[in-house]
Amino acid sequence: MRTAPVAPGLADLAAAPPLPLAQGLQALAPRLAPSGGRIEGLVRLSGGASQQTWAFDLVQGAGATEQRHARVLRQAPMGADGTAAAARDAQAAGLAAEAALITLAARHGVPVPAIHHVLTPADGLGAGYVMQRLEGETLGRRIVADAALATAREHLAFQCGQALARIHALPSSAVVPLGLHSGGPAAELARYIQWHAGHGTQRPVFQLALQWLAKRCPCEPAALTLVHGDFRNGNLMVGPGGLVAVLDWELAHRGDPMEDLGWLCVNSWRFGVSALPVGGFGTREQLFAGYAAGGGAVDAARVHWWQVMGTLKWGLICEGMLAAWLAGAERDVEKAAIGRRASETEIDLLDLIVPRS
């Protein structure tokens, strides 16, 4: 089992942490524990382009009285001089808003890591927060196939439905002040039409999907709710008992709650177990039952529309990575490899909008 509350990327576990980061965390230790302490075992967990995630132990005392507290720092990338890296995507929630959302979600029964400290300018570590480090599996391929998680998979789709219903029920009075971006079906569709056009690529299946989505675009929801934005296998932590934590709130926004359910059903997050439409571990019936048990109301037709939209969205992300690589803006070979996966989403889109008899 991994002990990281994030979906790990290409971890660089051999690299030593930057000295300013190690020194900054050590200086922060007295604020992380009432009697102070020391930082040990600082190691990079993920290689995400937008955020960095570091695991460490906060150690208090020594010998028989020693206490270790497992922690994680989620942080905007830092430059070599220890200063915060460039600005974030305008659509992203921002790390302070993420921390506030996670704290709010915890109060309403959503399984999440506890937030222990939100970084301030005085900390000298840029934007970010320190949270609890939980134990569980985050790798999607293991979640769908590991024999040790077989029992967990029996309940996981239901638990995901419950968690989503609770997320969508979070009070607007607490969410709106966080300044998250908002967008219902029509606004999101317009954004993806513009995004695809900006890539300058010719993909007839994407054009067909955009036309399909435009013709069937549902009316705006009665009310915009908090939407997690990236609720999928790979951003969930799972243990023997099922769902341990909902992770990575970076793309949270206010929108149509059915968006989250459709995104979870995208084939790309099934990790080869396509027969189980919910993350490769469950059925729609289980997901919808859990959502109802959590107090939510499912609109299956809207979920299907958002599943098509989500499939196209992932295809556009892949397309964008390839376009950036071809333009020389991103020379990471991983971006080029992911870019080729746009063709997989074309197959998935045809299965969804032109089903075989």
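The values are calculated or read from the model by the stated rules, or taken from the named source; none is laboratory data. Everything quoted here is computed from the prediction, not taken from an experiment. Backbone-built Cβ (ideal geometry, glycine too); neighbour counts: all protein chains shown. Areas reflect the complete protein model, heavy atoms only, side chains present, ligands, DNA and RNA absent. Shrake-Rupley method; radii C 1.70, N 1.55, O 1.52, S 1.80 Å.
Amide H to amide H under 5 Å from residue 252: which residues, 5+ apart in sequence or cross-chain, H placed 1.01 Å off N in plane?
The answer is 93.
What does the accessible area of residue 344 come to, in Å² to the nearest 10, when a probe of 1.4 Å is used?
Accessible area of residue 344: about 80 Å².
What size of dipole, in debye to the nearest 20, comes out for the chain about its Cα centre when the only charges are +1 on Lys and Arg C-beta atoms and -1 on Asp and Glu C-beta atoms?
Numbers: 29 positive and 30 negative charges, 33 e Å.
Its charge dipole is roughly 160 debye.
Give me the compactness ratio for the chain, meaning the Cα radius of gyration over 2.2 N^0.38 Å.
Working: Rg = 20.7 Å, N = 357, 2.2 N^0.38 = 20.5 Å.
That works out to 1.01 for the chain.
Within the chain, what whole-number % of the accessible surface is contributed by carbon and sulfur, with the 1.4 Å probe and all protein chains included in the calculation? All intermediate terms of the calculation are to be shown ahead of the outcome.
Numbers: 8780 of 15520 Å².
It is 57 percent, rounded to a whole number.
On the principal axes of its Cα set, how long, how wide and how thick is the range 221-357? Give whole Å, largest value first.
Computed over the range 221-357, the largest-to-smallest principal extents equal 49, 39, 36 Å.
How do 155, 304 stack up against each other in accessible area, from largest to smallest, with a 1.4 angstrom probe?
Values: 155 90, 304 65 Å².
Putting 155, 304 in descending order of accessible area: 155, 304.
Using helices alone, what [θ] at 222 nm do you get for the chain, with -39,500 (n - 2.57) per DSSP H run of 4 or more residues, divided over all residues and rounded to the nearest 500? Don't skip to the answer; put the middle values down first.
Working: 12 runs with 147 residues, N = 357.
It comes out at -13000 deg cm²/dmol, rounded to the nearest 500.
Please get the size of the charge dipole for the range 248-297, origin at its Cα centre, with Cβ charges of +1 on Lys and Arg and -1 on Asp and Glu, quoted in debye to the nearest 20. Mind dumping the intermediate values first?
Working: 3 positive and 6 negative charges, 35 e Å.
The dipole magnitude comes to about 160 debye.
Using the heavy atoms of the protein chains alone and a 1.4 angstrom probe, what is the accessible area of the chain per residue in square angstrom?
Values: 15520 Å² over 357 residues.
Accessible surface, normalised per residue, equals 43 Å².
Taking H placed 1.01 Å from N in the peptide plane, check which residues at least 5 places from residue 245 or on another chain put their amide H under 5 Å from its amide H.
237
Assuming 0.692 mPa s and 37 °C, estimate D for the range 138-223 with Stokes-Einstein, Rh taken as the Kirkwood radius over Cα pairs, in µm²/s. Kindly include the intermediate steps, with their values, before the conclusion.
Working: Rh = 17.0 Å.
The Stokes-Einstein estimate is 194 µm²/s.
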